[in-house]
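I have placed the structure first, in the form of structure tokens, so that the comments after it can refer back to it.
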Amino acid sequence: MNTPLPAPDRHMLRRHIADLGLAALDQTYRRFAADPVAATSWTRAQFRAYHGDLHESLGGPLHARTVSRGEGPGFRYENVLFESHPGWEVNATLYLPATGEGPFPPVVVSVGHSGKQFVNYQFPCHYFARAGFAAIIFDPPGMAGEKQPGNDHFDDGVRCHLTGDTSGRYFVGDTLRAMDYLATRADIDTRHGFACTGVSGGGHSSIYAALLDDRVTAVAPSCCVTRMGSIMYERNYSCCPETMMQGRLRDGLDDAHLLGAIAPRPLLLLYGQGDEVFHAEDTRQAAADVRTYYAAQGAAEQFSAFEDTCGHAYTLAQAREFCLWLQRVWQLPAGALPSDDPKDYALLPVESISCHPNQQVNMRSLTRRRADDLAAQHAAPTVERLRAQAQLDPATPAPQPVALNAGQRTWFHDWREWVFASEPGITVPVSTVTCPDATATLWHLDAAGRLTLAQRGGLLMQAIGHLDRNGPQANLLAADLRGWGETAPATSPYENVSWGSPDRTLGYVGISLDAAVETGRIRDAWQLQRTWPVQPRTVLHAVGAAGPVALHLAALTRAFSAVVLHDAPASYADLLATAELAWPHDLILPGVLRHYDLPLLATTTGCPVHWLNPRDGAGQPLPADECARRHRPGVHWHHGVNFDAHLALLRKLLYTNLP
């Protein structure tokens with residue numbers, strides 16, 4: 001009797017990611033403990049590097065114009081449009097004191113995952129204007145504001161990584177350009193610089209703006225500071241891609257480190273005792289670290305913290321504390337402050353603060369434009385380029401497979417289950433189905449599970465002649481690379497929300513760790529062929545999201561006789577061409593479009609490549625005419641292929657002369 005197989009490890013990938021992340025955090029905390037001054041300087045340099053050519057991208061004309069004006073109790077306001085990235089319009093509302101010509105000290109209020117029309121944003125801005133400040137506020141990309149199409153934080157945000165960019169450039173870019181706009185106005189007093197504040201994601205934008213621009217001289221983030229070890233690696237909270245820029249978690253940069261790097265500029269940390277997202281106990285610990293980092297730079301008096309009684313919110317109590325603090329650090333006249341009783345405030349109607357920005361230019365359109373510019377420089381990738389993309393070291397020892405059972409004869413084939421360690425912490429389950437009379441081998445990769453297409457005598461069984469007494473027969477090798485099939489991560493409690501899923505959490509965190517899940521899968525596949533060397537007449541078959549990994553394996557080895565991709569992405573550029581992204585977010589290979597795309601990669605495999613029913617970014621088949629247009633010698637695009645035609649092609653490639 002065969003030994004029972006071990007239970008699938010549904011926590012392997014999450015545990016692996018957490019181990020990498022916690023080790024990086026520990027190293028950086030040690031760096032800060034050893035030399036806080038040098039560590040904060042290093043942090044600023046690293047953070048600016050994550051944003052690449054952001055400042056150059058923001059260097060164009062503002063094209064500012066006023067859309068409308070209005071008044072409220074104790075304030076007046078202007079709705080204005082100006083450009084951040086070229087063609088990208090920021091829909092800003094500038095709140096000013098009701099009387100006086102100024103100039104007024106400026107406060108830039110970045111909105112979080114919401115819209116500027118809601119109470120968390122209107123009431124603080126009303127308060128700031130009543131207190132004598134000029135407060136400018138604007139919607140973030142996507143969410144509940146005026147800039148939704150093409151700006152989904154998740155679908156459009158993660159796709160920015162294809163061109164090697166962070167979606168954060170489109171959030172913090174608006175904050176930086178708001179300062180550019182305010183600096184053009186005679187009624188704004190910039191002698192003290194700019195103050196930045198905001199709640200949740202708006203707090204992050206405030207922090208990031210301070211790290212990227214020294215014009216920010218006072219920072220007050222609200223309800224956004226935590227400890228990554230807690231929220232990310234213990235609770236598995238699904239954060240947004242814009243905070244997970246590539247390299248940040250690799251460098252072990254916790255929120256406390258980013259805040260410490262703002263020193264010696266004044267910093268006020270606002271948070272709520274009942275915050276349901278960023279727990280107060282984590283924020284308190286972060287605050288203690290920040291206080292240490294400020295003290296090490298001789299700026300202990302420049303750091304303050306205010307613990308509110310609220311939840312995840314920017315309250316009028318926080319607004320009052322902010323104004324008192326800003327009067328002190330900017331040495332402004334200590335005038336009487338307005339009431340902080342919510343009953344004394346009323347929301348303006350949404351229509352009165354709407355700006356109607358151009359929505360044709362957005363994260364996705366700008367990423368597509370960057371991808372098009374990069375495509376003009378593409379060249380067929382060399383093996384060295386592919387190894388670099390996959391972070392693959394040829395000196396890595398080949399793994400030794402471990403048999404999980406003694407094997408079982410079924411009709412004409414011997415079934416056996418294996419596992420091998422691709423790298424520390426990552427194991428890959430493998431099924432081999434072998435026949436002494438086999439004349440060919442079929443390799444199979446499928447994100448849905450290595451034997452999904454074998455069930456009930458499915459495609460794989462028919463392709464290898466599992467029940468064919470007299471017909472040709474082939475061997476089968478099928479593997480679950482990390483995060484697929486038996487190793488697909490279990491859903492964590494925090495991922496049971498509309499924006500959450502394991503592929504999103506691990507996709508974003510993996511990219512930020514510079515350990516992208518898809519990069520690891522390519523290494524798994526490479527280790528697979530080192531464990532079971534590719535034999536003559538071996539066809540590599542992949543389904544759906546496994547297609548890109550299969551192409552990379554074929555190009556790295558140039559050992560397969562043919563590659564067949566079914567329902568796979570047609571290209572990385574196609575992932576950018578649709579409003580919807582129907583593919584798992586951990587499929588994203590960061591920076592790949594800086595060098596090549598899948599069709600060009602297919603030309604380097606040294607064998608025929610067949611794309612059956614190739615799919616676009618929304619998961620829809622490419623039209624027949626588009627498949628015909630893409631056809632190249634050795635790279636065949638097939639439209640409308642049914643099961644019988646699919647099986648016939650596999651059997652032809654396995655058992656007859658190759659074309």
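The values are calculated or read from the model by the stated rules, or taken from the named source; none is laboratory data. Just so we're clear, the structure is a prediction, and the values are computed from it rather than from any experiment. FYI the Cβ positions are ideal-geometry reconstructions off the backbone, even for glycines, and counts take in every protein chain you see.
A few comments on the model shown:
- Residue tally, condition within 32 Å of the chain's Cα centre (by Cα), closer than 25 Å to residue 312 by Cβ and surrounded by 24 or more Cβ atoms within 10 Å (Cβ to Cβ), over region 91-114: 9
- Residue in region 99-117 that is farther than 30 Å from residue 53 by Cβ, assigned to a strand (DSSP E or B) and modelled with pLDDT of 95 or more present: yes
- Within region 243-292, the set of residues being closer than 23 Å to residue 214 by Cα and of a type in the set (D, E, K, R) comprises 248, 251, 254, 255, 265, 289, 291.
- Filter result (part of a loop (DSSP other than H, G, I, E, B) and in contact with a Leu (Cβ under 6 Å, 6 or more places away or on another chain)) within region 470-501: 482, 483, 489
- For region 609-659, filtered to residues that are farther than 16 Å from residue 574 by Cβ and of a type in the set (Phe, Trp, Tyr), the residue that is surrounded by the fewest Cβ atoms within 10 Å (Cβ to Cβ) is 643.
- Failed item in (1) at positive phi; (2) not in a loop (DSSP other than H, G, I, E, B); (3) not aromatic (Phe, Trp, Tyr), with residue 143 passing the rest: (2)
- Among residues of region 548-580, those that are crowded, with 22+ Cβ neighbours inside 10 Å and over 19 Å from residue 385 (Cα atoms), counted: 11
- Inter-residue pairs, beta-carbon under 9 Å, first within 18 Å of residue 527 (Cβ to Cβ) and among the polar types (S, T, N, Q) and in region 437-448, second at pLDDT 95 or above and assigned to a strand (DSSP E or B), 6+ apart: 441/434; 441/474; 441/475; 441/476; 441/477; 441/538; 441/539
- Single unsatisfied condition, residue 328 versus (1) buried (at least 16 other Cβ atoms within 10 Å of the Cβ); (2) more than 21 Å from residue 122 (Cα to Cα); (3) among the charged types (D, E, K, R): (1)
- Pick from region 133-149, criterion of a type in the set (A, V, I, L, M, F, W, C) and modelled with pLDDT of 90 or more, ranking: surrounded by the most Cβ atoms within 10 Å (Cβ to Cβ): 138
- So residue 281, is it assigned to a helix (DSSP H, G or I) and more than 30 Å from residue 588 (Cα to Cα): yes
- Residue count for region 332-390 satisfying the condition of being among the small types (Gly, Ala, Ser), free of Cβ contacts under 8 Å to residues at least 12 places away in the same chain and not in a loop (DSSP other than H, G, I, E, B): 1.
- Test: residue in region 507-518 that is in the same structural domain as residue 543 (by TED's automatic domain parsing), farther than 23 Å from residue 231 by Cβ, modelled with pLDDT of 95 or more and surrounded by 23 or more Cβ atoms within 10 Å (Cβ to Cβ): yes
- For residue 217, the stated conditions hold: it is under 29 Å from residue 103 (Cα atoms), among the polar types (S, T, N, Q) and touching a Lys or Arg at 6+ places or on another chain (Cβ under 7 Å).
- Scanning region 274-315 for residues that are touching a helix residue (DSSP H, G or I) at 6+ places or on another chain (Cβ under 7 Å), of a type in the set (A, V, I, L, M) and under 17 Å from residue 112 (Cβ atoms) turns up just one, 313.
- Check on residue 25, over 12 Å from residue 251 (Cβ atoms) and buried (at least 16 other Cβ atoms within 10 Å of the Cβ): no
- So residue 65, is it without any contact (Cβ under 8 Å) to a residue 24 or more places away in the chain, in contact with a strand residue (DSSP E or B) (Cβ under 9 Å, 6 or more places away or on another chain), surrounded by fewer than 19 Cβ atoms within 10 Å (Cβ to Cβ) and not β-branched (Val, Ile, Thr): yes
- Residue check for residue 323: surrounded by 15 or more Cβ atoms within 10 Å (Cβ to Cβ), closer than 30 Å to residue 190 by Cβ and over 31 Å from the mean Cα position of the chain (by Cα): yes
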